[in-house]
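The values are calculated or read from the model by the stated rules, or taken from the named source; none is laboratory data. As the structure is a computational prediction, the values presented were derived from the model and not from experiment. All Cβ positions, glycine included, derive from the backbone under ideal geometry; neighbour counts span all protein chains shown.
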Amino acid sequence: MVGIVIERKTWRQLLDAHKPLVLPGAHDALCARLIERAGFQAYVIGGFGLSAARHGLPDIGLIGLGEMAAGVRDIMAASALPVLVDADNGHGDTRNVTHTVETYERLGVSALFLEDQVSPKRCGHFAGKDVIPIDAMERKIRAAAAARHDKELFLIARTDARSVHGLDDALRRAERYIRAGADGLFIEAPRSVEELRTIAGAFDVPQFCNMLVGGQTPILGNQELGEMGFAMIVHGTTLAMSVAKAIDDTLAAIRDDRLDASTFWTLPDFTGALQLERWSDIE
């Protein structure tokens, strides 16, 4: 039997073709399928959304690599799009970083980002974070780069130093991380539009900007951020937070006997997203 080979664009090809590359976050398989159906070119799987949707837990380092990888595997099965995956802090030392990279590479991820937080890590917009020494993160980046069997796997270094030591330290770390072998950068949780401009103009490598509604970073449009110089605009939790609000509102309507079915998808709409017709044809 001949298997189906799906040729995805490499992450660098996507960055060259789309300025900026807009990446919604998929917290489950249905989201991944809908993102593809909506015409996006790629997407992201973050620890925040996956922890919430799959385990009902906050993003404070409670989910290990095995649980994360299982969720990533299931989400990726629903879409042929290239995906950027949150590799947290590598789940340990350089040996764990190597294992993390190899695990995600086997799953077929196109890009991943690795952060410099102390374990247990947490969402970059939560209080109580700390960061490891620069040289320790450099060793992790070198280990991640060396662990790649496919050199097209795009490695992004993330620093959370802005919230701990200030923007100058975050910029200094980012420069060191590039020299250690990172292909791209993610400076988490800038506090103002001016900080966003400073970050975007500081480096020549592709950078991504995280738009978390209610977080510490101002919410700007994709085009404006792209014009600043950000190559990737990540809406990692936007869908998860929107879905949670919709579920909460619908549950209240059911409880209070005021359900309005006209606001829902029709059954054909929903089964269409699930590709029921394809399975009927096979049957």
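So, Glu227, is that one farther than 22 Å from Ala143 by Cβ, acidic (Asp, Glu) and part of a helix (DSSP H, G or I) or not?
yes
Out of the residues in the stretch 249-268 that are exposed (fewer than 10 other Cβ atoms within 10 Å of the Cβ) and acidic (Asp, Glu), state the one that is modelled with the lowest pLDDT.
Ranking the candidates gives Asp260 first.
Could you list, in sequence order, all residues of the stretch 196-213 that are surrounded by fewer than 19 Cβ atoms within 10 Å (Cβ to Cβ) and in contact (Cβ under 8 Å) with a residue 24 or more places away in the chain?
Arg197, Thr198, Gly201, Ala202, Phe203, Val205, Val213
If I go through the stretch 165-194 residue by residue, how many of them are touching a Pro at 6+ places or on another chain (Cβ under 9 Å) and either assigned to a strand (DSSP E or B) or surrounded by fewer than 23 Cβ atoms within 10 Å (Cβ to Cβ) (or both)?
Residues in the stretch 165-194 being touching a Pro at 6+ places or on another chain (Cβ under 9 Å) and either assigned to a strand (DSSP E or B) or surrounded by fewer than 23 Cβ atoms within 10 Å (Cβ to Cβ) (or both): 8 in total.
What is the number of the single condition among (1) in contact (Cβ under 8 Å) with a residue 40 or more places away in the chain; (2) part of a loop (DSSP other than H, G, I, E, B) that Lys140 does not meet?
Unmet condition: (2).
Just one of Ala80, Ala144 is modelled with pLDDT of 95 or more and in contact with a Leu (Cβ under 9 Å, 6 or more places away or on another chain); which is it?
Answer to the selection: Ala144.
I'd like to check which helices (runs of 4 or more DSSP H) are fully inside the stretch 1-114 and have at least 3 residues that are free of Cβ contacts under 8 Å to residues at least 24 places away in the same chain, of a type in the set (A, V, I, L, M, F, W, C) and surrounded by 18 or more Cβ atoms within 10 Å (Cβ to Cβ).
none
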